[in-house]
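Q: Can you keep this structure in mind? I'll have questions shortly.
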Amino acid sequence: MTPVPLNMPRTGPLPLPGRGCDCTACAFWTGPDGTGGPATIEPLCSGTNSDCSYCGCARAEADAPTNACASCPIRCGSRTDIRPWMADVGGTLTFGDITLETKLPPGLPAFIPQVDGSAVTEFDEHLSWPAYAVGLRRVFSPATHQIVPRFAGTPAREVLGLQKDQQAILAGYGEDPLVEAFWTGRRQLTGQIAEQQWDLVLACNYSVYGNWPRTEHLMNMRRSLLLAREFADAGIPAVPNLYWFRLEDLRRLAEWTVTVDPPAVAVNAQTVRDHAAWDSWLLPGLSWLAENLPSRTPVIITGLSRADRITACARMFGTRLIVISQNPYQYALHGAIMTAAGRQDVHARAADAFAATVRYMASLLPGTP
């Protein structure tokens, strides 16, 4: 992540996280018995993150000068500018004020291939797939932090060369500097995304790393939901991304989902490449969501690239699962295909390889005819 400057006035009293990772001084601590502590205003967090890599810094800078945190991208209670950050997320870390008035477009397939943002005419010639996805960095430049020229003021379906009955999906995921820059410029950028007439936008996910302080976790979970609402308020069909670190986070997200009834929820699995993160974090979390989310709520998972993970998720979520993956496109660039036996380098024509992998990955999902 890179620091993102904020220029906003200080408003009235806001609940603030405890300086120096001091739970007893934190507005969000649930307390030892769940009823809060001496400073609690919003009991959301069971305590500090024991794996945090920034606690030493937080303690050292508790009484630091005003600009001491200017070069740090991490939001913790000891930031000298934590109040503007709290104001930027609405002065609360609860979810209860976040509504979502939008709908999922009809006819989404169970599998959606992600492409590079150029016309899919050749790849789709003998496939006629119902929907294609594009990642955020193909639309919002990591270099300039502006909409890339080919998408500026142009309908996404036109850029991708899609037919009227095909749908264009924006998967608003990217590396931390990219999504942070989008957050900073979101008020202008949201209107530009609306001009592109996407059929669906998966709102950016803000990271919840295991070695970050809980304040960062709580802010980022809220920001992921807030951005979906801001898209929806601009008339964009949007789905919020769910990220979590603890069981209490999953419970809060599930409670919000039950109350608000979003058209779907999304999870970004692109960064979970190793078995340890899959086994210890993503798979258990998805299993819990499968049991506790409303059965009517579709779940869109981006980045599943292995057959065993796709089938595991299909067993959990059944026909409400939608998978978005760039595997078919990436494999096709090298003439390779994905099969039940794994990757095969068949040196096929790119369009043929793409179609073969799309059909195979779709066959793993129960929602495919």
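Q: Quick check on my filter: what residues within the range 325-345 are touching a helix residue (DSSP H, G or I) at 6+ places or on another chain (Cβ under 7 Å), open to solvent by 10 Å² or more (accessible area, probe 1.4 Å) and over 27 Å from Pro298 (Cα atoms)?
A: Scanning the range 325-345 gives Tyr331, Leu333, Ile337, Arg343.
Q: Moving on. Which of the numbered conditions does Ile322 fail, given that it passes all the others? Conditions: (1) in contact with a helix residue (DSSP H, G or I) (Cβ under 6 Å, 6 or more places away or on another chain); (2) modelled with pLDDT of 95 or more; (3) open to solvent by 10 Å² or more (accessible area, probe 1.4 Å).
A: For Ile322, the exception is condition (1).
Q: Okay, moving on. Mind checking which strands (runs of 3 or more DSSP E) fall wholly inside the range 284-364 and carry at least 2 residues that are touching a residue at least 40 places away in the same chain (Cβ under 8 Å)?
A: Those strands (runs of 3 or more DSSP E) span 299-302, 321-325.
Q: Give the residues of the range 16-49 that are within 11 Å of Thr215 (Cα to Cα) and among the aliphatic types (A, V, I, L, M), sorted by residue number.
A: Leu16, Ala27, Leu44
Q: Confirm whether Ile98 is at pLDDT 95 or above, open to solvent by less than 40 Å² (accessible area, probe 1.4 Å), closer than 28 Å to Ala228 by Cβ and assigned to a loop (DSSP other than H, G, I, E, B).
A: yes
Q: Output the residues belonging to the range 190-203 that are touching a helix residue (DSSP H, G or I) at 6+ places or on another chain (Cβ under 9 Å) and buried (at least 19 other Cβ atoms within 10 Å of the Cβ).
A: Across the range 190-203, the qualifying residues are Thr190, Ile193, Gln196, Trp198, Asp199, Val201, Leu202, Ala203.
Q: Follow-up. Please go through the range 325-359 and give me each residue that is of a type in the set (D, E, K, R) and either at pLDDT 95 or above or under 21 Å from the mean Cα position of the chain (by Cα) (or both), ordered by number.
A: Within the range 325-359, Asp352, Arg359 meet the criteria.
Q: May I pose another question? Out of all the residues in the range 38-51, is one or more of a type outside the set (S, T, N, Q), modelled with pLDDT under 90, open to solvent by 30 Å² or more (accessible area, probe 1.4 Å) and touching a Cys at 6+ places or on another chain (Cβ under 9 Å)?
A: Looking through the range 38-51, none of the residues is of a type outside the set (S, T, N, Q), modelled with pLDDT under 90, open to solvent by 30 Å² or more (accessible area, probe 1.4 Å) and touching a Cys at 6+ places or on another chain (Cβ under 9 Å).
Q: When you scan the range 167-279 for helices (runs of 4 or more DSSP H) that lie fully inside it, which ones turn up with 1 or more residues that are under 21 Å from Met86 (Cα atoms) and of a type in the set (Lys, Arg)?
A: 186-195, 214-233, 247-260
The values are calculated or read from the model by the stated rules, or taken from the named source; none is laboratory data. Worth saying up front: this structure is predicted, and the values here are computed from it rather than measured. Positions of Cβ are generated from backbone atoms using ideal geometry, with glycine treated the same way; all protein chains shown enter the neighbour counts. These accessible areas exclude ligands, DNA and RNA; they are computed on the full protein's heavy atoms, side chains included. Shrake-Rupley method; radii C 1.70, N 1.55, O 1.52, S 1.80 Å.
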